[in-house]
Amino acid sequence: MDYTQPQFWPQLQQLAATIDGLDYFQVLNLPSSAAGNQVRDSYYALSRALHPDKFFHIADDVTKAAVHKIYKRVTEAYTILKDEKKRIKYVADISGPDRAKKLRFTEESEAEQKEQQKMATKVAKTPKGEQLYQAALLEMKKGQWDKAYKNIQTATVLESGNAELKALLADLDKKRKGG
């Protein structure tokens with residue numbers, strides 16, 4: 001289909017108006033079980049059909065803006081869904097109770113994913129150190145920087161050679177001081 005033809009412009013404008021309510025699978029017209037090659041193929045087909053450069057010659061600025069918005073979301077969807085780790089996190093997010101808030105994979109989502117990966121690796125080497133570390137993580141999730149700092153500070157005393165705990169202690173010190 002040649003979406004540059006005027007008969008398709010109302011459809012493009014309607015899609016642009018509703019695209020923020022679609023998840024990435026819907027943007028790419030795919031089921032959530034789609035394989036990586038299906039994601040790629042759908043992206044390439046949509047990219048060829050809706051690339052903003054194909055619309056440079058039309059005089060309708062509303063349609064140009066709509067195409068730009070759609071293309072941006074198509075590219076964003078592909079970027080997230082082609083990365084297996086981001087895709088797993090995204091599927092979990094849109095399957096949860098906060099679906100409407102998680103339709104777009106933001107920098108916050110990426111930071112949360114990295115934080116979860118960081119938490120998955122064992123930082124403390126002793127049982128008591130690990131207990132204090134886990135308690136600090138819970139406090140961090142609540143934004144209780146002083147409590148988290150005290151737990152990590154104690155864990156650092158127990159494991160004075162642990163560079164990861166020391167780095168976390170320094171980060172927490174900045175956060176609790178508002179930095």
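Just so you know, all these numbers are worked out from the coordinates, no wet-lab data involved. Computed from a predicted model, the values in this text were never measured in an experiment. FYI the Cβ positions are ideal-geometry reconstructions off the backbone, even for glycines, and counts take in every protein chain you see.
Pull up all non-local amide H partners of H51: gap of 5 or more, or a different chain, and H-to-H distance under 5 Å with H placed in the peptide plane.
When sequence neighbours closer than 5 places are left aside, there are no close amide H contacts.
Going by how many other beta carbons lie within 10 Å of each one, how would you line up M140, M1, fewest first?
M1, M140
Suppose every K and R has +1 on its Cβ and every D and E has -1 on its Cβ; what is the size of the dipole of segment 6-113 about the Cα centre, in Debye to the nearest 20?
Magnitude of the dipole: close to 200 debye.
Between A17 and K166, what is the label-point separation in nm under the 7 Å Cα-to-beta-carbon projection?
The answer from the label model is 6.1 nm.
Arrange the peptides 129-136, 31-38, 167-174 so that the one whose residues have, on average, the most other Cβ atoms within 10 Å appears first. If you can, show how the numbers build up before the last one.
Working: 129-136: 20.2, 31-38: 11.2, 167-174: 15.8.
Final packing ranking: 129-136, 167-174, 31-38.
What FRET efficiency would be calculated for the residue pair Q26, Q144, taking the C-beta separation as r and a Förster radius of 30 Å, to the nearest 0.05?
Efficiency computed from Cβ-Cβ geometry: 0.20.
Using the structure shown, list the pairs from K89/K174; K142/K177; K89/K141; K150/K174; K122/K174; K82/K122 with a Cα-Cα distance above 20 Å, or answer none.
Table pairs above 20 Å Cα-Cα are K89/K174; K122/K174; K82/K122.
Apply the Kirkwood formula to the chain: the hydrodynamic radius equals the inverse of the mean of 1/r over all pairs of different alpha-carbon atoms; give it in Å with one decimal.
By the Kirkwood definition, the hydrodynamic radius is 19.4 Å.
Which percent of the Cα-Cα distances in segment 50-94 go past 14 Å?
Value for segment 50-94 (Cα pairs over 14 Å): 56 percent.
If you take all C-alpha pairs in segment 80-179, what percent of them are over 15 Å apart?
65 percent
Which length gain, in nm to one decimal place, applies between M1 and R99 when the Cα-Cα distance is subtracted from 0.36 nm times their residue separation?
Numbers: separation 98, 0.36 × 98 = 35.28 nm, distance 3.21 nm.
Contour length minus the Cα-Cα distance gives 32.1 nm.
Rounded to the nearest 10 degrees, what's the angle between the helix 9-18 long axis and the longest principal axis of the chain, both from Cα atoms, 0 to 90?
Value to nearest ten degrees: 20.
Using only Cα atoms, tell me the angle between helix 127-142 and the longest principal axis of the chain; keep it within 0 to 90° and round to the nearest 10.
Helix 127-142 sits at roughly 40 degrees to that axis.
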